[in-house]
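Working notes, beginning with the structure itself.
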């Protein structure tokens, strides 16, 4: 029965790993996006973390997880007719890599860390049945990589302490590498291993060669990481020769962990990403990640005396999770994914209820909690962004051909969604009539108010007055405009209008203008959780709108110039409807 359950959980993890949910922009823009732009001739817009004069993201730890698979794909496709890899293949290959790493390294680590066979079985079931393992851990987060590095660092610490001299030296060398690898991946990594690492001090006093091996390995890999990052982030002149690179290393070395610490030490910098109270991790994020398991963990600490506390902190896994959470709570910017390394550590330290009733109650609540969050986070959360972006080139070509448009430039405005991965647009498609390149660019508008969106669209469309068209339009050349937005985001009137095709009208002290939006496609497995407005709409109306009208739509925007038009906000059915296509 246990093996069958584990096999079923394996299937669930594999399925959700390949579902295109989108949990946070960092899963794309802190790794896959910049690497894809360097390896393939596809659009790519690295964030400021990569382009600033003091970069805070290191290439060294991310290349094996993102750059290497992409390079292998490029090599495998080299013999094809055009030698270009389908962006969907790139995306799902990276997801598959993260799934395999999670399945192999995380599950193996639990076998190593939990000594008791009976406890190991329940610990493995808890970890593999967690929605965090199914979703966050199989996405391309640096936090997911950090989780694996923390687990295996704890294993190596135990091996150094318990094994013979030769094995301990080997483990010390590997641990030195993991410490550097983990720190360059995320500067929060040392917070999780500092307390467990203290138990190495007596061992190093008795076996100084282990300390020497650890330090030598750490220095070697630190220098290697600095060389790689300096070569990557510096100008092309830095890599023209060994001496040019040497001069850059001496005069302008790129040390990303230091840059990261300096940036995050400034509260005004963190304020741009959101400030949270210091209790956010403990009172909000941990319950969100652990659910009923957190209650069992707290109850297992009863009667909360010094003896129980000492016993719990004697557990390296609990000590790692506890110190990591406390130290990260000192930083005012706190997101749930920052605590990913604590989840397997805490779940493997839980003592399940011995009472049959409470044991069954826990497993039922645990199954419900993770099933609901798995569907929400693993399938629907911003789930239309990836499939829609993959379909945009085809939709644009189809629409261009259907409308006989002669424009070679296309702007796609993404409203009320996460920024789409630009590299998923793939190679530039040809114009269906001229065979010239059809330049498609994505414009993320995030949470713009609807009136500002409409005004921006009006600015990008030609004026109804031909005398003013050149002065008012933002484009010097003909440009087609599209909008991608959640179906639930259009708040035009109550009850909400049909979303297939409709028009906006806006009056200036100029000839009135109108925008007609024609729906091209709709992807239904999409929820826009950032559009919850319980204060204005109430709980029921908000849920009815966000859940009942779930989905992501693509509209072609066209300008109409009627003699007269009603005020902004009036809606009527579109006149040039196209059939809804399934992505």
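The values are calculated or read from the model by the stated rules, or taken from the named source; none is laboratory data. Predicted model only: the values in this text are computed from it and were never measured. As a convention, Cβ positions derive from the backbone with ideal geometry for all residues, glycine included, and neighbour counts pool all protein chains shown.
So here's what we get for this one:
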read-out: Residue 58 vs. criteria in contact with a strand residue (DSSP E or B) (Cβ under 8 Å, 6 or more places away or on another chain), in a loop (DSSP other than H, G, I, E, B) and crowded, with 19+ Cβ neighbours inside 10 Å; value: no
read-out: Residue within region 285-298 that is out of contact with any strand residue (DSSP E or B) (no Cβ under 7 Å at 6 or more places or on another chain), loosely packed, with under 13 Cβ neighbours inside 10 Å and more than 24 Å from residue 377 (Cα to Cα) present; value: yes
read-out: Residue within region 22-32 that is closer than 30 Å to residue 176 by Cβ, in contact with a helix residue (DSSP H, G or I) (Cβ under 8 Å, 6 or more places away or on another chain) and modelled with pLDDT under 95 present; value: yes
read-out: Residue within region 269-279 that is assigned to a loop (DSSP other than H, G, I, E, B), in contact with a helix residue (DSSP H, G or I) (Cβ under 9 Å, 6 or more places away or on another chain) and under 26 Å from residue 368 (Cα atoms) present; value: no
read-out: Leading residue by the ranking (surrounded by the fewest Cβ atoms within 10 Å (Cβ to Cβ)) among those in region 299-327 that are part of a loop (DSSP other than H, G, I, E, B) and in contact (Cβ under 8 Å) with a residue 12 or more places away in the chain; value: 300
read-out: Tally, over region 545-559, of residues that are under 24 Å from the mean Cα position of the chain (by Cα), over 9 Å from residue 524 (Cα atoms) and in a strand (DSSP E or B); value: 1
read-out: Number of the condition not met by residue 392 [criteria: (1) under 16 Å from the mean Cα position of the chain (by Cα); (2) surrounded by 22 or more Cβ atoms within 10 Å (Cβ to Cβ)]; value: (1)
read-out: Some residue of region 363-386 being over 30 Å from residue 13 (Cβ atoms), modelled with pLDDT of 95 or more and either crowded, with 18+ Cβ neighbours inside 10 Å or outside the structural domain of residue 109 (by TED's automatic domain parsing) (or both); value: no
read-out: Considering residues of region 232-246 that are loosely packed, with under 13 Cβ neighbours inside 10 Å and in contact with a helix residue (DSSP H, G or I) (Cβ under 9 Å, 6 or more places away or on another chain) only, the residue nearest to residue 37 (Cα to Cα); value: 235
read-out: Yes/no for residue 7 being in a helix (DSSP H, G or I), out of contact with any strand residue (DSSP E or B) (no Cβ under 8 Å at 6 or more places or on another chain) and within 23 Å of residue 420 (Cα to Cα); value: no
read-out: The listed residue being outside the structural domain of residue 414 (by TED's automatic domain parsing), crowded, with 17+ Cβ neighbours inside 10 Å, in a helix (DSSP H, G or I) and over 17 Å from the mean Cα position of the chain (by Cα), out of 85, 89, 12, 97; value: 12
read-out: Residue among 46, 34 that is touching a residue at least 12 places away in the same chain (Cβ under 8 Å), more than 13 Å from the chain's Cα centre (by Cα) and assigned to a loop (DSSP other than H, G, I, E, B); value: 46
read-out: Of residues in region 328-348 being part of a loop (DSSP other than H, G, I, E, B) and within 19 Å of residue 102 (Cα to Cα), the one farthest from the chain's Cα centre (by Cα); value: 348
read-out: Total residues in region 162-194, condition within 21 Å of residue 330 (Cα to Cα) and without any contact (Cβ under 8 Å) to a residue 40 or more places away in the chain; value: 1
read-out: Residues within region 252-274 that are surrounded by 14 or more Cβ atoms within 10 Å (Cβ to Cβ) and under 18 Å from residue 337 (Cα atoms), tallied; value: 3
read-out: Every residue from region 372-388 that is within 22 Å of residue 423 (Cβ to Cβ) and touching a helix residue (DSSP H, G or I) at 6+ places or on another chain (Cβ under 7 Å); value: 381, 386
read-out: Options 365, 300; residue that is more than 22 Å from the chain's Cα centre (by Cα) and closer than 30 Å to residue 488 by Cβ; value: 365
read-out: Check on residue 503, at pLDDT below 85, in contact with a helix residue (DSSP H, G or I) (Cβ under 6 Å, 6 or more places away or on another chain), more than 30 Å from residue 70 (Cα to Cα) and surrounded by 14 or more Cβ atoms within 10 Å (Cβ to Cβ); value: no
read-out: Any hit, region 436-455, residues being part of a loop (DSSP other than H, G, I, E, B), out of contact with any strand residue (DSSP E or B) (no Cβ under 8 Å at 6 or more places or on another chain), within 30 Å of residue 90 (Cβ to Cβ) and at pLDDT below 90; value: yes
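Residue-wise test of (1) in a helix (DSSP H, G or I); (2) closer than 20 Å to residue 296 by Cβ; (3) in contact with a helix residue (DSSP H, G or I) (Cβ under 6 Å, 6 or more places away or on another chain).
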{"residue": "370", "(1), (2), (3)": "yes, yes, yes"}
{"residue": "390", "(1), (2), (3)": "yes, no, yes"}
{"residue": "398", "(1), (2), (3)": "yes, no, no"}
{"residue": "401", "(1), (2), (3)": "yes, no, no"}
{"residue": "411", "(1), (2), (3)": "no, no, no"}
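Quick grid of which residues meet (1) touching a strand residue (DSSP E or B) at 6+ places or on another chain (Cβ under 6 Å); (2) at pLDDT below 85; (3) closer than 27 Å to residue 456 by Cα:
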| position | (1), (2), (3) |
| --- | --- |
| 519 | yes, no, yes |
| 528 | yes, yes, yes |
| 537 | no, yes, yes |
| 550 | yes, no, yes |
